[in-house]
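The values are calculated or read from the model by the stated rules, or taken from the named source; none is laboratory data. Small disclaimer: the values here were computed from a predicted structure and weren't measured. Note that we place each Cβ from the backbone using ideal geometry, even for glycine, and neighbour counts take in every protein chain shown.
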Ligand SMILES: [Zn+2]
């Protein structure tokens, strides 16, 4: 059973902001000094980053290690940014922040170098799917009953994590709109981190997912994409893409024919009470309106904002980014209420047992009507 971030919030918090006044120079102090959450100090984050880079050897460059380092670097950058914003220039803690920032700059150059090296190594390997991942592929192919392809350069532990998460998600949510034909774990040529390739004609989808981590902050402030816990960064794109598998509004699609739109309307009208799309439209409208209304209230904006794509790329990206944040960001204090609304709505209409219940109810009604 999958637990949402909302349910998890009690046990598993990982906010980035340090509020322990005793660790004075190590910390970012936020307004809420009474926050007792488990926290990571900037120094801790910085030391981890330094260690990861120092311990690295050539053979690691192809692996998820590079992804982890990039995720750490992003988290550090955003925390330093938040820290500077929250600490007054006369506060002595600002010196510590600036000192770490300068040291981090040097590490960043090394990260850039490592990234280039790992890119070259990847280019030298062909995009073959036979590899030590073969057993994993076979195992999950049987479990999920979907053909799976994993490129040779994808680290087995990352492929396994994806497939496990996929298995969890698909045991809870239905992806009946466009059945999944294939899962591919490989680098995507145009640089995207994940993609659902849907053929409206064939009424089927392919999930393609990369092992690289989106350069999203694990911070409390959303950027291009919505937020998640730092330890969920690696699976965040998978959750985003999975949301597209659950539901995709094709009213925005330029290639959709009249038939496609009719099929889509049938699909939507057959969900539960048939009101899913109305409710989702309503959440999205309120979200956009509130962003405009609170444009000059930074704190409220940070709280509700689900990233740039959720505003400018339409309802599908809003749905996917909100779903990801609702599932993978356990920090209740900062999580967008719209993320929770979308997860609740998804559960109401796309949970496997909800759908069974609705089929059962329809059947009963039919029996009563004909009986
Ligand atoms: Zn998307």
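Odds and ends about this structure:
- Residues that are part of a loop (DSSP other than H, G, I, E, B), within 16 Å of the ligand (Cβ to nearest atom) and closer than 23 Å to residue 174 by Cα within segment 311-350 comprise just one, 314.
- Any hit, segment 316-330, residues being surrounded by 16 or more Cβ atoms within 10 Å (Cβ to Cβ), in contact with a helix residue (DSSP H, G or I) (Cβ under 7 Å, 6 or more places away or on another chain) and modelled with pLDDT under 90: no
- Failed item, numbered, when residue 209 is tested on (1) surrounded by fewer than 22 Cβ atoms within 10 Å (Cβ to Cβ); (2) within 16 Å of the ligand (Cβ to nearest atom): (1)
- Selection count where residues are part of a loop (DSSP other than H, G, I, E, B) and away from the ligand (no atom under 16 Å from the Cβ), scope segment 250-262: 4
- Long-range neighbours under 8 Å by Cβ, at least six apart or interchain, first residue on the phi > 0 side of the Ramachandran plot and in the same structural domain as residue 222 (by TED's automatic domain parsing) within segment 310-326, second part of a helix (DSSP H, G or I) and more than 7 Å from the ligand (Cβ to nearest atom): 314/252
- Unmet criterion (only one of (1) within 15 Å of the chain's Cα centre (by Cα); (2) at pLDDT 90 or above; (3) surrounded by fewer than 20 Cβ atoms within 10 Å (Cβ to Cβ)) for residue 309: (2)
- Just one of the numbered conditions (1) surrounded by fewer than 16 Cβ atoms within 10 Å (Cβ to Cβ); (2) away from the ligand (no atom under 16 Å from the Cβ) is not true of residue 276: (1).
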